[in-house]
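Report on one structure; see the data block that follows.
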Amino acid sequence: MSIQYNKEHPLPTPPMIWENMGFWEGTKEHRLVFQRCKECGTWVHPPRPACPKCRSFEKEWAPSGGKGTVYSWATYSESPHPAFVAPYSVVLVEMDEGVRLISNLIDTKPEGISIGMPVEVVFDDIADDLTLPKFRKVG
Amino acid sequence: MNNISNKAAIVGIGFSGFSKDSGKTELHMICECIKAALDDAGLVPPDIDGIVKHSDDATDEHSVTSSRGMGNLTYFGENRWNGAPCAMVLRAAIGVTTAAANYVVIYRAVNEASKRRMRGSSRNMAQLDTGDLLQWTYHAPFGLVSEAGRVAMIVRRYMHEYSINSDQFGWVTTVCREHGAKNPDGIFYGKPITMKDYLESRIIVDPIRELDCHEETDGAIALIITTAEKAEKLKQKPVYIRGATQSQVAGTEERKGFYRPAISDLPEMKHMGERLFAMAGVNPRDIKVAQLDDSFAPLVPMQLEELGFCDRGEGTAFCDGGNRIRVGGELPLNTSGGCLGEGHIYGVNHVLEAVRQIRGTSSAQVSDADLVLVASGAGGSTSGLILGGSR
């Protein structure tokens, strides 16, 4: 089971801003990228103007391997927003690169989710101008 | 130590009845509360020369000053987010101990239940600052759009790391409602719940149940702060500010700490608590009553751990059965009922209740409540107070 949308209500998608544009341009092309510091190699998410570790402003959008594990999750049994049809689950994925990402799982029922479960990225083109990175169970 | 410890005191309190519909504007409520706080302290409006407010409050210092017939202000400002309540007291104490002002009023007024014109939760995306936008970009499109969802994500991991069953959180709500049932000013006066009620309450966002969540409330509170010397000449027994600190730790996002090393920790609470106890010169075992952030019940055992009242992972065991955390136990919690049992005035009601405990006027009074700890803002920007009946 995947998250279902109520098409009559727009998804809460805030405007893209300079710091996060590269991430969303990447997903549109079905590439998962995260900010990486060019000086010390630290992966940074959510993106920042500078590296929190070495403070360098030199950064790049680096490709992720797309694999990780479920770090935590929450299942809404009542929808807090008209665009989302309950029940649905939100997961916090810890990527192999070390950064974490809020997302949804596809093809997995809430009772099938567990912490530590290996997952890999898939891309959901939910609108002409927006592709969401989602995850599916591996193995 | 050259700090504000024992140099300032809370000298006046005023509060509206808490309800599901105040029938008034926030400005009207807060003016009534300030009048009550002035009367309580034995002061008059022109004595007030400082105001500290919350940045989400739908009132401003100009309209409050004009409406109450106050004089000129020499000190004013605001604090943000859920960690604001104790920080507002700190800011007021800094104002009076540095002589930037003589008498500072802090206030919070919300019509959250009736939705009569309220700022904050109704902010739209265009009003968000860059930091908020960066978070919302990565949370909202996936359906993580509520505070309960944020807390559920953190609590799930906490349960996993410490082998906790979510049923165990029920003792927090049960005891808060037990205390709140005795509070004639709260919205759950005369309405206690049992553990059975908790276990039967519906799941909102698993593992968070309806009875884990604070109750949306209309209400307002004002508190007046001045120096310890001036306090000793006023009407009420001074409630001394023994310790007051804030904390924000590196590598986190406000209220959405999903990216720090362990999301089951409350590092701000630990950092704040260590500094708070050092400043007040006391230990956790000296504290007679604590008012903790109970906007969501599972945050309470996490705070007990981070503040040093018990070991990591032992918070739910500490609350189990309720005997240690109810009045008569070793650490009574949230004696007014708190956000779960009195009303959700965003934790300013916790400061109010700490004052009532030290004055001996709580509806769930703890004997010899001469040292009371207050914590606000679990899981993000945090602040804390230790208030005392002597200095």
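The values are calculated or read from the model by the stated rules, or taken from the named source; none is laboratory data. As the structure is a prediction and not an experimental result, all values here were calculated from the model. Positions of Cβ are generated from backbone atoms using ideal geometry, with glycine treated the same way; all protein chains shown enter the neighbour counts.
Laid out as a table, the results:
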quantity	calculated
Segment B:9-28, residues that are under 19 Å from the mean Cα position of the chain (by Cα) and among the aliphatic types (A, V, I, L, M)	B:Ala9, B:Ile10, B:Val11, B:Ile13
Residue within segment A:58-70 that is closer than 30 Å to A:Trp18 by Cβ and among the aromatic types (Phe, Trp, Tyr) present	yes
Neighbours by Cβ (under 8 Å, 6+ apart or cross-chain): first from segment B:120-149, more than 22 Å from A:Thr27 (Cβ to Cβ); second aliphatic (A, V, I, L, M) and modelled with pLDDT under 90	B:Gly120/B:Ala58
Matching residues in segment B:215-246 - criterion: being of a type in the set (Lys, Arg), closer than 20 Å to B:Leu371 by Cβ and in contact with a Gly (Cβ under 6 Å, 6 or more places away or on another chain)	B:Arg242
Where a residue in segment B:52-63 is touching a residue at least 24 places away in the same chain (Cβ under 8 Å) and its partner, wherever it lies, is small (Gly, Ala, Ser) and part of a loop (DSSP other than H, G, I, E, B), with Cβ under 7 Å and at least six apart	B:Asp56/B:Gly120
Whichever residue in segment A:74-92 is within 7 Å of chain B (Cβ to nearest Cβ) and in a strand (DSSP E or B) and, among such residues, is farthest from A:Met117 (Cα to Cα)	A:Phe84
Near pairs, Cβ below 6 angstrom, 6+ apart or cross-chain, from segment B:356-377 (crowded, with 21+ Cβ neighbours inside 10 Å) to any residue that is of a type in the set (S, T, N, Q) and assigned to a strand (DSSP E or B)	B:Val374/B:Gln291; B:Ser376/B:Ser383
Residue in segment A:99-122 that is surrounded by the fewest Cβ atoms within 10 Å (Cβ to Cβ), counting only those that are assigned to a loop (DSSP other than H, G, I, E, B), facing chain B (nearest Cβ under 10 Å) and not polar (S, T, N, Q)	A:Gly116
Residue within segment B:317-330 that is of a type outside the set (Val, Ile, Thr), buried (at least 24 other Cβ atoms within 10 Å of the Cβ), under 20 Å from B:Asn79 (Cα atoms) and in contact (Cβ under 8 Å) with a residue 60 or more places away in the chain present	no
Verdict on B:Tyr103 being surrounded by 20 or more Cβ atoms within 10 Å (Cβ to Cβ) and either over 20 Å from B:Glu26 (Cβ atoms) or β-branched (Val, Ile, Thr) (or both)	yes
Matching option when the condition is in contact (Cβ under 8 Å) with a residue 60 or more places away in the chain and buried (at least 24 other Cβ atoms within 10 Å of the Cβ), among B:Thr226, B:Thr245	B:Thr226
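Conditions tested, residue by residue: (1) β-branched (Val, Ile, Thr); (2) under 19 Å from the mean Cα position of the chain (by Cα); (3) under 26 Å from B:Met269 (Cα atoms).
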{"site": "B:Glu61", "(1), (2), (3)": "no, no, no"}
{"site": "B:Trp81", "(1), (2), (3)": "no, yes, yes"}
{"site": "B:Ala84", "(1), (2), (3)": "no, yes, yes"}
{"site": "B:Ala87", "(1), (2), (3)": "no, yes, yes"}
{"site": "B:Arg91", "(1), (2), (3)": "no, yes, yes"}
{"site": "B:Thr97", "(1), (2), (3)": "yes, no, yes"}
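Yes or no, residue by residue, for (1) of a type in the set (Phe, Trp, Tyr); (2) within 11 Å of another protein chain (Cβ to nearest Cβ); (3) surrounded by fewer than 19 Cβ atoms within 10 Å (Cβ to Cβ); (4) within 18 Å of the chain's Cα centre (by Cα):
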position: A:Gln4; (1), (2), (3), (4): no, yes, yes, yes
position: A:Lys7; (1), (2), (3), (4): no, no, yes, no
position: A:Glu19; (1), (2), (3), (4): no, yes, yes, yes
position: A:Phe23; (1), (2), (3), (4): yes, yes, no, yes
position: A:Lys28; (1), (2), (3), (4): no, no, yes, yes
position: A:Arg31; (1), (2), (3), (4): no, no, yes, yes
position: A:Glu39; (1), (2), (3), (4): no, no, yes, no
position: A:Arg48; (1), (2), (3), (4): no, yes, yes, yes
